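The values are calculated or read from the model by the stated rules, or taken from the named source; none is laboratory data. Just so we're clear, the structure is a prediction, and the values are computed from it rather than from any experiment. Quick reminder, even Gly has a Cβ in these numbers, built from the backbone with ideal geometry, and neighbours come from all protein chains shown.
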Amino acid sequence: MRRAILILGAALAVIGPMLPAASAADKIHVVATIPDLKALTEEVGGNLAEVESLARGTQNAHEIEIRPSLMLKLRRADLLVENGLELDSWAEVAVQGANNPRIVRGAPGRVDVSHGVPVLDVPSTRVDRSMGDVHPLGNPHYSLDPGMAPIITQNIVDGLARFAPEHRATFEKNRQAFLARLDEAMARWTRALEPLKGARVVVYHPQWIYILTRFGLSQAATLEDRPGIPASPGHLTKVIRQMKEERIKVIIVEPWNDLKLATRVAEEAGAKAVVLASMVGGVKGADSYIGAIDHNVNALVMAMK
Amino acid sequence: MLGDLLALLWAPFLMCLVLTGIHAYLGVHVLAREVVFVDIALAQIAALGATAAFLLGHETDTWESYAMGLSATLLGALVLALTRSRRRHVSQEAVIGVVYAVSAAAAVLVADRAPHGAEQVRTMLVGNLLAVRPPEVAKVAILYASIGLFHWLCRRPFFLISTNPDAAYRDGWRVRLWDFLFYGSFGVVVTSSVRIAGVLLVFSYLIVPALAGILLGRTVAQKLIIGWAFGTLVSVIGMAASAVFDLPTGATVVCAFGLMLIVLWVAFQAVRPASGRLTPLA
């Protein structure tokens, strides 16, 4: 009996330490601020990376409450992938709390994927708090525009390669494979949205400017008078009037915004309110990058019929 | 432009009138019982119930959401009825205060797990008056009219227990049962109102018109009529201000209540300076 225990003990002592080491050493721990970036990092990293997201797809990406679990995730991170353009400045508090030298500002593990992105809506005048939740560096909601995927994934490849240079070729290969699939999907989306070129839509929050521009639609007005502040009846009346005059048929609503109000406004204006995924995972069926854009394109086409 | 504005605002305005009708009446009771915070606590519990339903995937206008809000409120009403003692203790206010704070915090926690939680928490606070549609106004009006009828039929025990509970005990009324019926019907009203107007506005509609009635009126009928008139006046002022000054509607009406109460009190002081009472004399 005693010998059996000794042998078992010796076996465990030898095998034991090898087990966790075998699984942990292989994967790069990446934390992304938003689920879009998590999805893209997973495409590029493949099975070399283990990726988590700080925000959930249904949340409002401007204001995420920092919780201890976020700091714990960041503490273990080798890389932090962020959207930049001040969308995820809320993450800075968690980063400081996590006290992880690899991902502080300026460290090689900090990947800001907005480098090289052609930013839209850069304000030309001075901005301040009285204008609501305006984005001073330009509209940061570029991540779910498929045309931006090449730039974003290139930044992610560079970031991953800084940490693990020996795997750069694999990351590049993964990226090319993903972009090829994306190109196929892009052809499908362009076909579907072709008849809607030139159409004007109303949006709740100016979340959609990149994807609208990409496919030739445009934003006529926002339901929000100033972002982040509930709309006044005067502003809503103006929007309803504009929708009737220009025959605008669709109001696009983010999953985290007030669908009930948007539906009321749509009814008054003879239009339809449709919820699109503002991030991957924002609505049911939008659980991957291509899946989310698929959902959005289909929903938009259905609503404009 | 004015026509468009009215088209948007008429249904919310009608809803304000419906809210005034039932809430001013219930407010007279609440002030007589001197448990002012009970309504804000029950409103917050109703909001917590609705938020919990939200977490389970039931949007605000589903029957599941209403059922959960109502169950939570009735449970709260039960607790409040049971904690009333024959001698008026300060401790019930303490219980009510704790219930309010905890349910508000719990709603934040629940909302954190839910899809668009932050928006939900804000809607529960200031409501969503602008999104009200005409069929909703009709449904709520019918519900509140039924409750009003119930209270009219049982007006003797309800008013006796609110104004003179000792006499009620002496006369043999089952005070705890009537308390539960009162808080229960109160809970039904509050659960419906909170999802439309939010906790702050429900509180305002409950307390401020009744305060005006008690300040200026002597008999119950007078208090009610003055309360209804005051509530209607403030609704008009609040909605007009929101349209003219381009402000969010729910919060503007709450502030209008505050402002008009100050105006009323000043006028009251000017007319009858000797008896500057603000508390009800039942």
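Which one of these is among the aliphatic types (A, V, I, L, M) and modelled with pLDDT of 90 or more: A:Val93, A:Val113?
Every option except A:Val113 fails the conditions.
Just the residues that are at positive phi and either of a type in the set (Val, Ile, Thr) or in contact with a helix residue (DSSP H, G or I) (Cβ under 8 Å, 6 or more places away or on another chain) (or both), please, taken from segment B:167-201.
B:Gly198
Within segment A:200-259, track down each residue that is part of a loop (DSSP other than H, G, I, E, B), among the β-branched types (Val, Ile, Thr) and within 10 Å of chain B (Cβ to nearest Cβ).
Hit for segment A:200-259 is A:Ile229, nothing else.
Rundown of residues vs (1) touching a strand residue (DSSP E or B) at 6+ places or on another chain (Cβ under 7 Å); (2) β-branched (Val, Ile, Thr); (3) at pLDDT below 90; (4) assigned to a helix (DSSP H, G or I), yes/no style:
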site: B:Gly3; (1), (2), (3), (4): no, no, yes, yes
site: B:Ala7; (1), (2), (3), (4): no, no, yes, yes
site: B:Pro12; (1), (2), (3), (4): no, no, no, yes
site: B:Cys16; (1), (2), (3), (4): no, no, no, yes
site: B:Leu19; (1), (2), (3), (4): no, no, no, yes
site: B:His23; (1), (2), (3), (4): no, no, no, yes
site: B:Leu26; (1), (2), (3), (4): no, no, no, yes
site: B:His29; (1), (2), (3), (4): no, no, no, yes
site: B:Val38; (1), (2), (3), (4): no, yes, yes, yes
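Could you look through segment A:272-305, keep only residues that are out of contact with any Asp or Glu (no Cβ under 9 Å at 6 or more places or on another chain) and crowded, with 23+ Cβ neighbours inside 10 Å, and pick out the one that is nearest to A:Gln207 (Cα to Cα)?
Ranking the candidates gives A:Asn296 first.
Report yes if some residue within segment A:192-199 is modelled with pLDDT of 90 or more, in the same structural domain as A:His295 (by TED's automatic domain parsing), among the charged types (D, E, K, R) and not in a loop (DSSP other than H, G, I, E, B); otherwise report no.
Checking segment A:192-199: at least one residue is modelled with pLDDT of 90 or more, in the same structural domain as A:His295 (by TED's automatic domain parsing), among the charged types (D, E, K, R) and not in a loop (DSSP other than H, G, I, E, B).
Specify the residue that is nearest to the other protein chains (Cβ to nearest Cβ); the eligible residues are those in segment B:29-62 that are of a type in the set (Ser, Thr, Tyr) and touching a residue at least 24 places away in the same chain (Cβ under 8 Å).
B:Thr60
Exactly one of (1) modelled with pLDDT under 80; (2) more than 14 Å from chain A (Cβ to nearest Cβ) is unmet by B:Arg156. Its number?
(1)
Need pairs with beta-carbon distance below 7 Å; first residue farther than 18 Å from B:Val137 by Cβ and away from chain A (no Cβ under 14 Å) and within segment B:1-28, second surrounded by fewer than 23 Cβ atoms within 10 Å (Cβ to Cβ) and among the polar types (S, T, N, Q); sequence gap 6+ or separate chains.
none
If you go through segment B:91-148 one residue at a time, how many are farther than 27 Å from A:His62 by Cα, over 20 Å from the mean Cα position of the chain (by Cα) and within 14 Å of chain A (Cβ to nearest Cβ)?
Selection size over segment B:91-148: 3.
Considering only segment B:226-235, I want to know if a residue exists there that is modelled with pLDDT of 90 or more, of a type in the set (A, V, I, L, M) and over 27 Å from B:Leu2 (Cα atoms).
yes
Can you pull out the helices (runs of 4 or more DSSP H) entirely within segment A:67-172 that have at least 1 residues that are acidic (Asp, Glu) and under 23 Å from A:Asp26 (Cβ atoms)?
A:149-163
Any chance you could count how many residues in segment B:240-273 are in a helix (DSSP H, G or I), in contact (Cβ under 8 Å) with a residue 60 or more places away in the chain and either facing chain A (nearest Cβ under 10 Å) or not β-branched (Val, Ile, Thr) (or both)?
4
Within segment B:149-158, can you find the residues that are over 18 Å from the mean Cα position of the chain (by Cα) and surrounded by 17 or more Cβ atoms within 10 Å (Cβ to Cβ)?
Across segment B:149-158, the qualifying residue is only B:Pro157.
For A:Gly234, state whether it is surrounded by fewer than 20 Cβ atoms within 10 Å (Cβ to Cβ) and in the same structural domain as A:Ala32 (by TED's automatic domain parsing).
no
Filter segment A:281-301 for residues that are in a helix (DSSP H, G or I) and acidic (Asp, Glu) and give the result.
Matches in segment A:281-301: A:Asp294 only.
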